[in-house]
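Engineer: Okay, here's the structure, questions in a sec.
The values are calculated or read from the model by the stated rules, or taken from the named source; none is laboratory data. Source: prediction; values computed, not measured. Neighbour counts are summed over all protein chains in view; Cβ atoms, including those assigned to glycine, are modelled from backbone coordinates with ideal geometry. Heads up: the accessible areas ignore ligands, DNA and RNA and are worked out on the full protein's heavy atoms, side chains in. Shrake-Rupley method; radii C 1.70, N 1.55, O 1.52, S 1.80 Å.
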Amino acid sequence: MNGISKGALAAVMIVGLGGAVLWLDRRVEPEGAGTVAPQRVDAGSLRQRASQNAAPETSDPGPDQILFGDLHVHTTYSMDAFAWAMPLMHGPGARPPADACDFARFCSSLDFYAHTDHAESLTPRHWSMIKDTVNACNAAAGPADNPDIVAFLGWEWTQMGNTPATHYGHKNVILRETADERVPRRPIVAGGTAFKAMRNDPLPPIERVIGPYLADFTHRDYQFLQQAKRRELIDTPVCATDVNTRELPADCIEVADTPRELFRKLDEWGGEALVIPHGTTWGYYTPPGSDWTKQLTREQHDPKRQTLIEVYSGHGNSEPYRDWKAVAYGADGEMVCPEATDDYLPCCQRAGQIIRSRCDDPDSAECAARVAQVERNYLAAGRAGHLTVADVKPEDWLNCGQCTDCFQPPFNHRPGSSVQAIMALSNPAERDDDGGPLRFHFGFIGSSDNHAAEPGTGFKPVNRHSSTEARGAVNALVQRRFVDAAKPKGDPQRPREYTLGSGPFNFLQVNETERQASFFYTGGLVAVHAPTRDRDAIWNALQRKEVYGTSGPRMLLWFDLIDAQGVRHPMGSELQGKDVPRFRVRAQGAFVQKPGCPAWTEAALGADRVERLCGGECYNPGDTRTPIERFEIVRIRRQADRDEPLGALIEDPWKVLRCADEGQGCSAEFEDPEYPALGREVLYYARAIQRAEPAINGAQLRCEYDDAGRCIAVRPCFGDARTPLDDRCLADVENRAWSSPIFIRP
């Protein structure tokens with residue numbers, strides 16, 4: 001038995017069982033909330049940052065600096081982050097809330113960040129510790145009128161429905177205030193799959209608890225703490241639903257099943273809050289066929305709070321719309337497997353191809369019936385369609401389900417819920433406050449969605465297992481016991497049936513964790529145009545939507561409409577007029593990074609802390625900027641009615657403006673002479689695109705193509721031991737920044 005006797009193994013198992021009894025009742029985290037570093041960020045670094053991110057001298061009067069932040073950050077207080085942090089999953093170990101503060105200040109040198117752990121993973125006790133840590137972070141950052149970091153308090157409302165009719169998606173709630181008497185007593189939890197998985201699914205049987213314990217005995221205490229956290233969530237009662245949120249007791253978990261309920265509860269509490277949707281096209285949790293039409297109502301949308309949308313994160317780019325679909329519908333509403341196109345292979349089609357390849361007679365009627373059955377089974381299983389075929393490897397699915405011409409696409413891209421599709425929608429049956437058809441008027445941001453307490457990871461393509469969510473089994477034993485064991489079994493020649501939600505939620509089964517590891521990236525950023533460096537200035541910029549997102553690098557971007565009087569109207573503006581609009585776009589590329597960390601970071605934290613927290617790499621700008629290659633201008637005409645097809649309304653790109661930039665930046669002006677004749681509301685936004693440079697998972701599944709351009713083999717970048725630790729899976733990509741739109745209506 002590989003050098004261990006049966007008696008010794010029995011002794012280890014007894015110790016493991018005893019550990020389970022001991023730890024399952026513990027109510028502590030490995031390091032609590034952690035302790036924020038008391039040192040201030042180097043003053044010279046702050047001055048350098050301010051000068052590097054200032055507007056060029058030729059700019060018009062207006063906000064004269066750009067601040068960078070991350071409004072989507074998880075720590076190991078989030079249950080999924082807790083699991084991914086386990087060393088047996090290539091994780092970095094416990095990353096408590098204080099680590100997020102220190103990483104933002106000393107590793108990524110951000111100007112602001114928000115703490116957004118999954119509400120479904122938090123009890124009131126956890127929420128109290130998070131509040132304390134955020135306040136400690138702000139206190140350590142120095143005077144309120146010029147702190148080295150601004151920390152915002154928030155949470156993620158993590159709603160997951162198994163069908164398009166029940167799915168609303170994930171939204172981050174960001175609070176302006178942090179004082180205890182001015183913020184909710186608890187985060188507001190979403191109903192749905194995530195809530196069920198955290199509270200209602202039974203704790204795993206003892207053999208599943210002991211398995212990881214034996215596979216990674218060194219870190220056994222940490223693993224049992226995860227089960228203790230589950231027990232605490234299960235033991236905390238759910239609040240009454242018919243009581244005003246201010247009158248609820250402090251020691252219960254508050255649930256809002258829909259956005260309508262979430263907005264109502266925020267209204268009852270009062271105070272300023274932003275609600276920011278994200279990951280709208282991420283097939284990890286978005287059912288095939290989903291769109292946002294049911295959310296474009298006065299009940300399910302709050303235009304006061306829901307003013308921004310996350311275009312890009314470490315989970316991919318939610319921007320682009322495509323006309324292809326993962327599922328089609330027949331005349332009677334039945335689901336139909338769409339045909340493959342030159343740029344998209346539906347996974348239901350690939351399931352049929354796999355079954356056909358296994359038939360003894362691929363041309364027989366029996367084989368055809370099996371192919372038709374597996375296509376139906378795949379669609380009926382929703383997000384878990386891959387479980388309808390037995391005995392498959394990740395490579396067998398090729399690149400099915402993926403957007404093959406998208407920049408840094410999410411896994412299993414859902415174009416019906418893309419930002420472009422959302423921005424094209426109209427609901428003439430309901431009116432906005434100005435009397436026009438109800439529409440979304442989102443500003444665009446990026447953020448990381450990092451789950452290792454690392455805000456702003458996009459500064460360098462380093463540390464793949466912490467700066468991205470590419471995690472997996474650390475060795476073959478763990479792979480066989482906990483990943484391969486969850487794969488579907490059965491006759492490989494015959495389709496299987498699977499119903500999502502029919503039993504306990506199995507993360508490894510449902511979420512295609514092996515293929516998905518090729519679609520995790522370093523995170524994006526949100527940039528704000530602000531006159532001063534403080535909480536109010538940042539919040540006001542977010543409110544007026546003078547913000548933009550980047551895919552990680554700190555690109556500088558301005559996008560303005562210049563009216564007939566020469567007045568500048570910046571990105572995010574909502575205007576009314578009939579004249580030909582004239583626009584100006586300007587950008588500078590991000591600074592090329594130097595290796596390692598600045599000397600002041602090590603002086604503040606010490607070499608050991610820099611290595612453990614930052615992985616030895618920090619935001620460390622040199623003196624030259626990456627050139628801007630081009631601007632791409634997108635024009636979206638809003639629907640005239642709800643049945644108008646979206647494809648023709650989304651013009652991407654509408655214009656391409658080339659740059660001759662060698663690092664000094666680029667600017668361009670253009671007009672839209674067609675606007676007066678369009679007779680409808682139109683929005684415009686700019687993408688500034690840098691010269692290509694290496695990025696983690698830049699080639700996703702790393703397809704091998706035949707002469708016709710079809711993907712015939714893939715080489716996934718696994719999160720487990722099959723991909724070596726020193727392989728960062730680098731490929732060149734054109735990083736970019738997305739301006740918030742400028743909206744014009746006649």
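Engineer: Within segment 140-185, restricting attention to residues that are basic (Lys, Arg) and at pLDDT 95 or above, which residue is most open to solvent (accessible area, probe 1.4 Å)?
Structural biologist: Arg176
Engineer: Same structure, new question: Name the single residue that is most open to solvent (accessible area, probe 1.4 Å) among those in segment 269-295 being over 20 Å from the mean Cα position of the chain (by Cα) and at pLDDT 95 or above.
Structural biologist: Among those that are over 20 Å from the mean Cα position of the chain (by Cα) and at pLDDT 95 or above, it is Glu272.
Engineer: Would you call Gly7 at pLDDT below 50 and either open to solvent by less than 70 Å² (accessible area, probe 1.4 Å) or part of a helix (DSSP H, G or I) (or both)?
Structural biologist: The answer is yes for Gly7.
Engineer: Could you give every pair whose Cβ atoms fall below 8 Å, whose first residue belongs to segment 380-401 and is within 23 Å of Gly161 (Cα to Cα) and of a type in the set (S, T, N, Q), and whose second residue is open to solvent by 20 Å² or more (accessible area, probe 1.4 Å) and assigned to a helix (DSSP H, G or I), counting only separations of at least 6 or pairs across chains?
Structural biologist: Partner pairs satisfying both residue conditions: Thr388/Tyr378.
Engineer: Checking the condition surrounded by 24 or more Cβ atoms within 10 Å (Cβ to Cβ) and either farther than 30 Å from Arg471 by Cα or of a type outside the set (A, V, I, L, M) (or both), which residue from Leu525, Leu556, Leu561, Leu575 passes?
Structural biologist: Leu556
Engineer: Filter the strands (runs of 3 or more DSSP E) completely within segment 681-738 down to those with at least 3 residues that are in contact with a Cys (Cβ under 8 Å, 6 or more places away or on another chain) and of a type outside the set (Phe, Trp, Tyr).
Structural biologist: 711-714
Engineer: Kindly establish whether Ala136 is in contact (Cβ under 8 Å) with a residue 24 or more places away in the chain, over 27 Å from Gln227 (Cα atoms), surrounded by 24 or more Cβ atoms within 10 Å (Cβ to Cβ) and among the small types (Gly, Ala, Ser).
Structural biologist: no
Engineer: Going residue by residue through segment 365-379, is there one that turns out to be not β-branched (Val, Ile, Thr) and not in a helix (DSSP H, G or I)?
Structural biologist: No, there is no match, as no residue in segment 365-379 is not β-branched (Val, Ile, Thr) and not in a helix (DSSP H, G or I).
To keep it simple, each residue is scored yes or no on (1) of a type outside the set (Asp, Glu); (2) without any contact (Cβ under 8 Å) to a residue 12 or more places away in the chain; (3) open to solvent by less than 10 Å² (accessible area, probe 1.4 Å).
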{"residue": "Pro87", "(1), (2), (3)": "yes, no, no"}
{"residue": "Ala100", "(1), (2), (3)": "yes, no, yes"}
{"residue": "Ala104", "(1), (2), (3)": "yes, no, yes"}
{"residue": "Cys107", "(1), (2), (3)": "yes, no, yes"}
{"residue": "Asp111", "(1), (2), (3)": "no, no, yes"}
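Engineer: Right, next: State which residue is farthest from Leu122 (Cα to Cα) when the search covers only segment 69-80 and only residues that are buried (at least 24 other Cβ atoms within 10 Å of the Cβ) and aliphatic (A, V, I, L, M).
Structural biologist: Taking the candidates together, the pick is Leu71.
Engineer: Quickly run through segment 255-264 and pick out the residues that are surrounded by fewer than 21 Cβ atoms within 10 Å (Cβ to Cβ) and touching a strand residue (DSSP E or B) at 6+ places or on another chain (Cβ under 6 Å).
Structural biologist: Of everything in segment 255-264, just one residue is surrounded by fewer than 21 Cβ atoms within 10 Å (Cβ to Cβ) and touching a strand residue (DSSP E or B) at 6+ places or on another chain (Cβ under 6 Å), namely Val255.
Engineer: Same structure again: Among the residues of segment 647-667, how many are over 17 Å from Pro741 (Cα atoms), open to solvent by 30 Å² or more (accessible area, probe 1.4 Å) and under 29 Å from the mean Cα position of the chain (by Cα)?
Structural biologist: Looking only at that region, the number is 1.
Engineer: Something else now. Within segment 596-630, track down each residue that is surrounded by fewer than 17 Cβ atoms within 10 Å (Cβ to Cβ) and under 30 Å from Arg658 (Cβ atoms).
Structural biologist: Gly622, Asp623, Thr624
Engineer: Those residues that are within 17 Å of the chain's Cα centre (by Cα) and either in a loop (DSSP other than H, G, I, E, B) or more than 27 Å from Leu557 (Cα to Cα) (or both), I need them from segment 417-441; list them, please.
Structural biologist: The one that is within 17 Å of the chain's Cα centre (by Cα) and either in a loop (DSSP other than H, G, I, E, B) or more than 27 Å from Leu557 (Cα to Cα) (or both): Ser418.
Engineer: Go through segment 462-489 and give me each residue that's open to solvent by 40 Å² or more (accessible area, probe 1.4 Å) and under 30 Å from Asp102 (Cβ atoms).
Structural biologist: Of everything in segment 462-489, those that are open to solvent by 40 Å² or more (accessible area, probe 1.4 Å) and under 30 Å from Asp102 (Cβ atoms) turn out to be Asn463, Val474.
Engineer: Evaluate the following for Val714: is it in contact with a helix residue (DSSP H, G or I) (Cβ under 7 Å, 6 or more places away or on another chain), at pLDDT 95 or above and over 30 Å from Ser426 (Cα atoms)?
Structural biologist: Judged against the criteria, Val714 is a match.
Engineer: Being without any contact (Cβ under 8 Å) to a residue 60 or more places away in the chain and closer than 30 Å to Arg736 by Cβ narrows it down to one of Asp291, Asp302, so name that one.
Structural biologist: Just one listed residue meets the conditions, Asp302.
Engineer: Select, from Gln493, Gln402, the only residue that is open to solvent by less than 20 Å² (accessible area, probe 1.4 Å) and either in a loop (DSSP other than H, G, I, E, B) or among the hydroxyl-bearing types (Ser, Thr, Tyr) (or both).
Structural biologist: Gln402
Engineer: What tally of residues in segment 31-84 results from selecting those that are within 30 Å of Phe444 (Cβ to Cβ) and either modelled with pLDDT under 90 or outside any strand (DSSP E or B) (or both)?
Structural biologist: Counting residues in segment 31-84 that are within 30 Å of Phe444 (Cβ to Cβ) and either modelled with pLDDT under 90 or outside any strand (DSSP E or B) (or both) gives 30.
Engineer: Can you tell me which residues in segment 94-107 are of a type in the set (Gly, Ala, Ser) and in contact with a helix residue (DSSP H, G or I) (Cβ under 6 Å, 6 or more places away or on another chain)?
Structural biologist: Ala98
Engineer: Considering only segment 469-508, state which residues are modelled with pLDDT of 80 or more, farther than 28 Å from Ser364 by Cα and of a type in the set (Gly, Ala, Ser).
Structural biologist: Those that are modelled with pLDDT of 80 or more, farther than 28 Å from Ser364 by Cα and of a type in the set (Gly, Ala, Ser): Ala470, Gly472.
Engineer: Does segment 340-362 include one or more residues that are farther than 19 Å from Pro287 by Cβ, touching a residue at least 60 places away in the same chain (Cβ under 8 Å) and in a helix (DSSP H, G or I)?
Structural biologist: Yes, some residue in segment 340-362 is farther than 19 Å from Pro287 by Cβ, touching a residue at least 60 places away in the same chain (Cβ under 8 Å) and in a helix (DSSP H, G or I).
Engineer: Starting from segment 664-683, take each residue that is closer than 29 Å to Gln588 by Cβ and aromatic (Phe, Trp, Tyr) and list its partners that are modelled with pLDDT of 95 or more and not in a strand (DSSP E or B), counting only C-beta distances under 6 angstrom and pairs at least six apart or across chains.
Structural biologist: Matching pairs, first to second residue: Tyr675/Pro581.
Engineer: Of everything in segment 253-281, what is in a loop (DSSP other than H, G, I, E, B) and closer than 25 Å to Ala421 by Cβ? Give them in sequence order.
Structural biologist: Asp257, Thr258, Gly279, Thr280, Thr281
Engineer: What residue, among those in segment 676-723 that are among the β-branched types (Val, Ile, Thr) and either under 30 Å from Leu477 (Cβ atoms) or open to solvent by less than 30 Å² (accessible area, probe 1.4 Å) (or both), is farthest from the chain's Cα centre (by Cα)?
Structural biologist: Going through the qualifying residues, I end up with Val682.
Engineer: If you scan segment 549-569, which residues turn out to be β-branched (Val, Ile, Thr) and closer than 16 Å to Glu671 by Cα?
Structural biologist: Hits for segment 549-569 are Ile562, Val567.
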